[in-house]
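The values are calculated or read from the model by the stated rules, or taken from the named source; none is laboratory data. Worth saying up front: this structure is predicted, and the values here are computed from it rather than measured. Reconstructed Cβ throughout: ideal geometry from the backbone, glycine too, with neighbour counts over all protein chains shown. SASA here: full protein model, heavy atoms, side chains in, ligands and nucleic acids out. Shrake-Rupley method; radii C 1.70, N 1.55, O 1.52, S 1.80 Å.
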Amino acid sequence: DVKVTQSSRYLVKRTGEKVFLECVQDMDHENMFWYRQDPGLGLRLIYFSYDVKMKEKGDIPEGYSVSREKKERFSLILESASTNQTSMYLCASTYLSGNTIYFGEGSWLTVV
Amino acid sequence: AQTVTQSQPEMSVQEAETVTLSCTYDTSENNYYLFWYKQPPSRQMILVIRQEAYKQQNATENRFSVNFQKAAKSFSLKISDSQLGDTAMYFCAFMNLGSIQGAQKLVFGQGTRLTINP
């Protein structure tokens, strides 16, 4: 069974902390994506990657960075968490053909 | 830049009625996919229907069908004989397949919260 796994479902962090959100897929997908989901704003693309060590900025990259050292793992990093980064973060992956998207279960981050 | 717009934040219909959700998108590309995803309260994303841009025929999946107007960049979802289980957030999404590696951006709209009333 195909899987996209997000390491943490619920996190509470303090302002200024460094936060790592991990996403692992077991399907050898080239493309991986990180979104945040907020009420009324839908899913907004933060960063995406199409290969190891390759990354591209999405629509709201400010305050975030990413790492893709291995094909199966795509990490989202909040260098210094702020309260306005409290959100649900969703990871997704696809093959280059793009015809099927697989999603993780989401990570709920609260920054206090 | 690719953008997806869903202009209806919320919709509500009676069970068994037909409802249409709107979606428009903006792109200069020719090769792309369009999707409708359903997100129930569990937050798991469920594929409703997919349309390849090169196909002129509108995609259908049982009670779900789309009206794909490529020139107008419109991709609406019609749900026939709506059921209580259709109550969810619905997202329209666009994926540019691109001609070179690295150009495949997957973009979602703001979502439409659909409520089916008994």
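Just a few scattered comments:
- Taking 0.36 nm per residue of sequence separation and removing the Cα-Cα distance, the B:Asp26/B:Tyr54 pair yields an extension gain of 8.5 nm.
- Positions from region B:40-79 whose accessible area shrinks by 20 Å² or more when the full protein complex is built, not the chain alone, probe 1.4 Å: B:Arg43, B:Gln44, B:Met45, B:Arg50
- Computed label-point distance, nm, for sites B:Lys70 and B:Ser7 using a 7 Å Cα→Cβ extension: 2.3 nm
- In order along region A:91-105, the Karplus-derived 3J(HN,Hα) couplings, from 6.51 cos²θ - 1.76 cosθ + 1.60 at θ = phi - 60°, round to 9, 9, 9, 8, 6, 4, 5, x, 7, 9, 10, 10, 10, x, 8 Hz, and Gly and Pro are given as x.
- Accessible area buried at the B-A interface, both sides summed, 1.4 Å probe (Å², nearest 100): 2100 Å²
- Solvent-accessible surface of the protein assembly as shown, taken per residue with a 1.4 Å probe and all protein chains present: 47 Å².
- Rounded to the nearest 0.05, the FRET efficiency derived from the C-beta distance between B:Ser80 and A:Val112 at R0 = 41 Å is 0.35.
- Full-stretch length increase - B:Glu15, B:Asn117 - with 0.36 nm per residue and alpha-carbon distance subtracted: 36.2 nm
- Packing-based ranking of A:5-11, A:24-30, A:103-109 yields A:103-109, A:24-30, A:5-11, ordered from highest to lowest mean Cβ neighbour count within 10 Å.
- Fully extending the segment from A:Asn84 to A:Thr100, taken as 0.36 nm per residue of separation minus the present Cα-Cα distance, adds 2.6 nm.
- The protection proxy used here, the mean number of other Cβ atoms lying within 10 Å of each residue, ranks peptides A:37-45, B:57-65 as follows, highest first: A:37-45, B:57-65.
- Taken residue by residue and averaged, Cβ atoms of other chains lying within 10 Å of the Cβ of A:87-95 number 2.
- Shielding of A:96-103 by partner chains, average beta-carbon count, 10 Å: 6
- Springs join every pair of Cα atoms under 10 Å in this Gaussian network model of chain A, and among A:Asn99, A:Asn84, A:Asn31 the largest mean-square fluctuation is at A:Asn99.
- Global dimensions of chain B from alpha-carbon coordinates: Rg and Dmax equal 14.2, 49 Å.
- Ranking B:Thr87, B:Leu21, A:Ser93 by how far each Cα lies toward the positive end of the dipole of the protein assembly as shown (charges on Cβ) leaves A:Ser93 at the top.
- In this Cβ point-charge picture (+1 for Lys and Arg, -1 for Asp and Glu), region A:4-111 has a dipole of about 260 debye about its Cα centre.
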